[in-house]
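A quick write-up on the structure given underneath.
The values are calculated or read from the model by the stated rules, or taken from the named source; none is laboratory data. Since this is a predicted model, take the numbers as computed values, not measurements. Cβ atoms come from the backbone with ideal geometry, glycine included; neighbour counts cover every protein chain shown. For the accessible areas, the whole protein counts, side chains as well, though only heavy atoms, and no ligand, DNA or RNA atoms are used. Shrake-Rupley method; radii C 1.70, N 1.55, O 1.52, S 1.80 Å.
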Amino acid sequence: MNNKIKTIEQRYSLQIDYVVDQHYSEKEEEKYQEKEVYSSIQKALDSVKEDSATIFISEGVFYEKIVIEKPSITLIGEGRDKTVVTYDVASGTEKNDGTTYGTFGSASVTVREPNFTAINMTFENSFDYINEYRKRDDDPTKVSHIQAVAFRTTDESDNVMIEHCCFRGYQDTLLVDAGTHYFTNCVIEGAVDFIFGSGQTVFEACDIVSLDRGETENNGFITAASTSIDVPYGYLFESCKLLKESTDMADDTVYLGRPWHPGGDPDAQASVLFYHCNMEAHIKAQGWTEMGGFSPMEARLYEYSSQGAGAILNDKRRLLTKQEAERFRDYLRDCCVRNRKIRYSPL
């Protein structure tokens, strides 16, 4: 059997059920022995008949729009920078029937069922955001809505676990909109509202990378949480690094976030805590800003023990006490962090 498969099964104490390999041919039938091998990720997912399945995905760029409609699916890539899932449509991109995808429909990957796991992969929406962003408003070729989601959770999704993965996009990269989520040792890139939605989520030891739109005043917003007023806590960023794309990116140009009220819903009351995070100088001194007329001061947007050039103290950046911050942290860790045998280690 392929040594990579053996290594993964031994390291993670699991069994690989299916393999995705773009370059596999029947002449190599000994390569994976009794494993079922597919050329596309969606074909492998569609073939799953069990209550759960683990799929190994070999090195390659997989241009696919993927929907996960079965529970307890685990995807393991050959490497975060080696196994890439990408698609390239935005909210305003036209379909063949003349309609547009819409923000939610633009997602390269959509998870609709619980207990999804991904390790060692990149999820990307490669829509050419910068090209469209820079077009004049009167340019007839300009796409009117350029939100482009890389990864989305919805419907019955819950108990999501993501380790050592990368999420790439510009606007609305990562939509955590249903259930609980745990992201650890991940890289999340974007410019505008690139982590958003109503789900409960722990981001632990992740790199949150703001991409440069070339602006000197406003290069974007990291979060746009829409946490329900009935949910006590929303997003926890614990021991994360808030980084800028390059040293050329202007300082004091990126907001920590803004409160999203979908459809003007007054019961969406964003809940975010940056806990022991290191912030580079691109973070705005103001910290937070309004969205759709809703003030950030009326939402639940906080920090605790921020560090770095972007960690500026003022009355617009509300701090929690140690007790309050630990209560926020402990609650989300209890409901979001899955206790599992699988932990990332490089192959």
Restricting region 121-139 to residues that are touching a strand residue (DSSP E or B) at 6+ places or on another chain (Cβ under 6 Å) and either without any contact (Cβ under 8 Å) to a residue 12 or more places away in the chain or of a type outside the set (Ser, Thr, Tyr) (or both), the one surrounded by the fewest Cβ atoms within 10 Å (Cβ to Cβ) turns out to be Glu124
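Within region 216-249, restricting attention to residues that are among the polar types (S, T, N, Q) and touching a strand residue (DSSP E or B) at 6+ places or on another chain (Cβ under 7 Å), which residue is farthest from Asp334 (Cα to Cα)?
Checked region 216-249; the qualifying residue farthest from Asp334 (Cα to Cα) is Asn219.
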Considering only residues that are in a loop (DSSP other than H, G, I, E, B) and closer than 17 Å to Glu94 by Cα, look in region 117-143 and name the one that is nearest to the chain's Cα centre (by Cα). Ser126
Residues being buried (at least 24 other Cβ atoms within 10 Å of the Cβ) and in a loop (DSSP other than H, G, I, E, B): count how many of those fall in region 188-204. 2
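Return the residues of region 137-155 that are charged (D, E, K, R) and more than 13 Å from Val67 (Cβ to Cβ); say none if nothing qualifies.
Result: Asp137, Asp138, Asp139, Lys142.
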Got at least one residue in region 250-268 being in contact (Cβ under 8 Å) with a residue 40 or more places away in the chain, out of contact with any helix residue (DSSP H, G or I) (no Cβ under 6 Å at 6 or more places or on another chain), over 28 Å from Gly179 (Cβ atoms) and surrounded by fewer than 21 Cβ atoms within 10 Å (Cβ to Cβ)? yes
For the list (1) open to solvent by 60 Å² or more (accessible area, probe 1.4 Å); (2) modelled with pLDDT under 95; (3) among the small types (Gly, Ala, Ser), I need the number of the one condition that Ser345 fails. (1)
If we ask which residues in region 144-176 are modelled with pLDDT of 95 or more, closer than 20 Å to Thr93 by Cβ and either open to solvent by less than 40 Å² (accessible area, probe 1.4 Å) or in a loop (DSSP other than H, G, I, E, B) (or both), their number turns out to be 17
Need a quick list: strands (runs of 3 or more DSSP E) entirely within region 1-114 having at least 2 residues that are β-branched (Val, Ile, Thr) and open to solvent by less than 70 Å² (accessible area, probe 1.4 Å). 18-20, 53-57, 66-68, 73-77, 83-87, 109-111
Could you check region 219-312 for strands (runs of 3 or more DSSP E) lying wholly inside it with 1 or more residues that are modelled with pLDDT of 95 or more and among the basic types (Lys, Arg)? 241-244, 300-304
